[in-house]
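Here's the structure we're looking at; comments come further down.
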Amino acid sequence: MDPVKQQAIEAATFRRLLAHLDEHKDVQNIDLMNLAGFCRNCLSKWYLAACEDAGEPMDYEAARERVYGMPYAQWKERFQREASAEKLAAFTSKRPD
């Protein structure tokens, strides 16, 4: 595959992933972490790292806003729910020491 076309396809896939997560705000980060081993915050960190690798100025909060579609504090206030003890225990048991 042509590298330019591959990059365009990968970018479109990333945009679709962000749109999918935006459409499913009921899916909490802890659920994503427990099931898939990554969450919106991980995507934000990966986005920030890619910006740094490309020499593009970016900070973590701006990267989070790109992934969450709004400032993180606003998303957290509107959509984040308290994690159950069961979900927290599952998260803790899967974290590397």
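The values are calculated or read from the model by the stated rules, or taken from the named source; none is laboratory data. Since the structure is predicted, the reported quantities are computational estimates derived from the model, not experimental observations. In this analysis, Cβ positions are derived from the backbone assuming ideal geometry, glycine residues included, and neighbour counts consider all displayed protein chains. Heavy atoms of the whole protein, side chains included, go into the accessibility calculation; ligands, DNA and RNA do not. Shrake-Rupley method; radii C 1.70, N 1.55, O 1.52, S 1.80 Å.
Here are the numbers for the structure shown:
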quantity	calculated
All aspartates and glutamates inside 20 Å of LYS87 as judged from Cα atoms, apart from same-chain residues fewer than 8 positions distant	ASP26, ASP31, GLU77, ASP97
Solvent-accessible ranking of VAL67, VAL4, largest area first, probe 1.4 Å	VAL4, VAL67
Per residue convex hull volume, Cα atoms of the chain, in Å³	130 Å³
Distance in nm between pseudo-label sites at ILE9 and ARG95 (7 Å out along the Cβ direction from Cα)	3.8 nm
